[in-house]
Each structure stands twice: as C-alpha cells, then as structure tokens.
Amino acid sequence: MESNNKENIASDLLKAQTHIWNHIFNFINSMSLKCVVDLGIPDIIHNYGQPMSLSKLISSLSIDPSKQPYIYRLMRIMTHSGFFSQQNVTDNELEIEYMLTGVSRLLLKGNPMSVTPFVQAMLDSVLTNPFHQLSTWFKNEDSSAFETTHGKLFWEYIAHDPIFNRLFNESMASDARLVSNLLIENCKDVFNGLESLVDVGGGTGTMAKALAKSFPQLECIVFDLPHVVDGLQGSHNLNYVGGDMFQEIPQTNAILLKWILHSLNDEKCVKILKKCKESLKKKDKKGKVIIIDMVLENENENINEVVETQLFFDMLMMVNPAGKERNKKEWIKLILSAGFSDYKITPILGLRSIIEVYP
C-alpha cells in the first residue's frame, strides 16, 4: 500500500510539472504559427495543388540553406497543433507529405476571410512585450501594462506609429470581413427595416461596405477619428465622417459598435452609450444600438476551448487597451446605466454575441 501511495505521489508530481511546462511554453505554439505565416507556408502548400512533400516545401521556401533541416521540426509542431495534416509518413522525413486543414485555410492570404493580418498584429512585439511587464504594472498606478511598457496609452501609441497602425487596422479589417460575412448571412433580421446606420469606430469601413452592399436602402456612415478616415472614398450609400465618439455621434436610427466597448473601461463605455442614445433620440425613437462583442459565461458556451479563448481576450484587453470582456450581468449594468430600457442578446457569432440595445 505504501508503495502505491509513493507511485501516486510521484505520478501527480510529474503531471503537475508537465502542466506547468505546457503553460510555460504555450508561447512557442504562437510564435511557430507566426513563423509559418511569415514564411508563407500555407499559401505555398495551397498553390501546389496537392499534398506537398517536405523536400518540395523546403525547395519552395526563401530560407538560408543551413536552415533547411529545421523546417521538419517546425512542421511537426504545427501538425501536432492542427494547422497541417500529413500522409505518406515514412522514416525518410523528406518524403512526408503535408496538406492544409480547415484551420490553415483561414491563413491563406487569398482567402477573403483570412486571419493572417490578425495573427501578425496580435503577435507583434508591440502587443506581446507588455505581458513581460504585467507584474510590474500591478505595483504601479499606470492604467495598463501597455502604458508601463511604451510610456503611452494604447490608442495614443497607435496614432503615432504608422507602421503598427497599418498592421492593426489591417487586422481589424480582416476580422470585420469574417464577421460581416457571417452577420449578413445569418443575422439579416438585425438590419432589415433600418434606414440609416453609423458604424462607430468602423476603421477603414470593411464592415460598413459589406452592409451597404447587402442592404442598398441602408445609408451607412463610417465614423472614426479624423486621421483614420482621412482620404477614404465612400459610395452612393456609404460615407466617411471624422469625429470623436466621446463628444458626439452623427444622428441615425441604428448604431453599430463592433469590438469597441471591450477595449474600454466601464466609465468610458457608459459615456459612449449615452452619446449613442442622444444620437438615436434626435433621429428616431425606434432606433437601436447593435453591439458585437463577447459575453462571458454564456450558457451556450460551455466548451472549455471557447471559455479559454474568451479569457485570453479578457487578459489581452486588460494588458493593452485597459478594457475588459464582460458577462451578461456586466453588460446589463452598462446598458441600464446609460439610460437604455431594453436589450436582446443573441449568441450567434461563435465567441461573440450580438447585443441589440433599445432606448
């Protein structure tokens, strides 16, 4: 019996060590993913048109000849993580053939719903370095670890770094393409009957363009900071307007807030929602605010992987723009604090939900 107890203790210790090690080295998966994207490996395999042997893949890469033997090891961990599948597995590594999976098809640059820009922006050192300062941030008065690292607030930094600003805008546009496709296909009722819509913080207008095209009767305005929309050209039912959402929002009978509120603290969210209410009141008492954001602890999202992803995003918001992901109770508190009377939450966009808010 004593021997069994010792074996169980040893087994538990080793399991605990493995658990810790896996979390220590989680970043290796992320950086390996960034590497295959930067090297263009998904597109190379896709363009080949059939399962691609390691030897052919290596010959297609623009890498130093001395690094060729290491590609197998990169592909091995990415295959383990589900980004590639393989066939013809033999003792000769060079004969192993690789294929794309449903996941890696979202990494193709030619895919209209490609998430490649999102990968490159989120794993850029501008956003990853603040995590090294997380414990320091807990001991100081800065609003975020991003401010501790860079000496500026998130949005201030972006406005003064044109290279990262472009990278960040491209990442948001790529996400908007994916979401708009699903939104228009599965949630048409949300927009039916609307005459006008303002996409607050709409960036370069990816979401608004898709809505304007799918709903020709809908007058769309992309509303963002002047330096974001400067020089952008609209169409017959799409216009760009520069301004500050904390000051005034153009009058409309619908306002879209896609992935805006989660990057802000509660006080700023209430302020923006109040500005939304003022805009709707001036235009149409039957208007609404359409929020696209995560709702934590949703009863329809009990899959561990989904919960983990949402918690990752909550930490990302805390560390960089000083925002937060919210559960249903927290969303209701914001909505009521801003003076709205009713709401409807529809968990239909995977990790995110549509929250319709009524005056």
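The values are calculated or read from the model by the stated rules, or taken from the named source; none is laboratory data. All values derive from a computational prediction rather than experimental measurement. Virtual Cβ from ideal backbone geometry, glycine too; neighbours counted across all protein chains shown.
Just one of the listed residues (325, 297) is free of Cβ contacts under 8 Å to residues at least 60 places away in the same chain and within 22 Å of the chain's Cα centre (by Cα), namely 297.
Taken together, the residues in the range 44-61 that are over 16 Å from residue 86 (Cα atoms) and either in contact with a helix residue (DSSP H, G or I) (Cβ under 8 Å, 6 or more places away or on another chain) or of a type outside the set (S, T, N, Q) (or both) amount to 2. Of the residues making up the range 330-359, those that are closer than 24 Å to residue 278 by Cα and charged (D, E, K, R) are 330, 333, 342, 344, 356.
If the requirement is being within 24 Å of the chain's Cα centre (by Cα), assigned to a strand (DSSP E or B) and either among the aliphatic types (A, V, I, L, M) or exposed (fewer than 15 other Cβ atoms within 10 Å of the Cβ) (or both), which of these qualifies: 270, 307, 289?
None of the others qualify; the one that does is 289.
Please go through the range 200-217 and give me each residue that is in a loop (DSSP other than H, G, I, E, B), at negative phi and modelled with pLDDT of 90 or more, ordered by number. The answer is 202, 215, 216, 217. Taking (1) aromatic (Phe, Trp, Tyr); (2) touching a residue at least 40 places away in the same chain (Cβ under 8 Å); (3) surrounded by fewer than 20 Cβ atoms within 10 Å (Cβ to Cβ) in turn, residue 168 satisfies each apart from (3).
Taken over the range 53-66, the criterion of being of a type in the set (S, T, N, Q) and more than 32 Å from the chain's Cα centre (by Cα) is satisfied by 53, 55, 59, 66.
Listed by first and then second residue, the pairs linking a residue in the range 143-158 that is modelled with pLDDT of 95 or more to a residue that is surrounded by 21 or more Cβ atoms within 10 Å (Cβ to Cβ) and of a type in the set (Val, Ile, Thr), with Cβ atoms under 7 Å apart and 6 or more places separating them unless they lie on different chains, are 144/319; 145/319; 146/319.
In the set 34, 56, 67, only one residue is of a type in the set (D, E, K, R), surrounded by 10 or more Cβ atoms within 10 Å (Cβ to Cβ), out of contact with any Ser or Thr (no Cβ under 7 Å at 6 or more places or on another chain) and closer than 24 Å to residue 131 by Cα; that residue is 34. Within the range 218-251, the set of residues being of a type in the set (S, T, N, Q) and either under 19 Å from residue 184 (Cβ atoms) or assigned to a helix (DSSP H, G or I) (or both) comprises 235, 237. Just so you know, in the range 317-359 the residues that are farther than 21 Å from residue 246 by Cβ and in contact with a Cys (Cβ under 7 Å, 6 or more places away or on another chain) include one that is modelled with the lowest pLDDT, and it is 348. Of the helices (runs of 4 or more DSSP H) lying entirely inside the range 67-174, those carrying at least 3 residues that are within 17 Å of the chain's Cα centre (by Cα) are 116-122, 125-128, 154-159.
Checked across the range 42-61, the condition of being outside any helix (DSSP H, G or I), among the hydroxyl-bearing types (Ser, Thr, Tyr) and either without any contact (Cβ under 8 Å) to a residue 40 or more places away in the chain or closer than 14 Å to residue 101 by Cβ (or both) holds for no residue. Identify, from the list 314, 284, the residue that is surrounded by 15 or more Cβ atoms within 10 Å (Cβ to Cβ), modelled with pLDDT of 95 or more, assigned by TED's automatic domain parsing to the domain that holds residue 197 and among the acidic types (Asp, Glu). Checking each option against the conditions leaves just 314. Checked against (1) farther than 22 Å from residue 123 by Cα; (2) surrounded by 14 or more Cβ atoms within 10 Å (Cβ to Cβ), residue 88 passes all but a single condition, namely (2).
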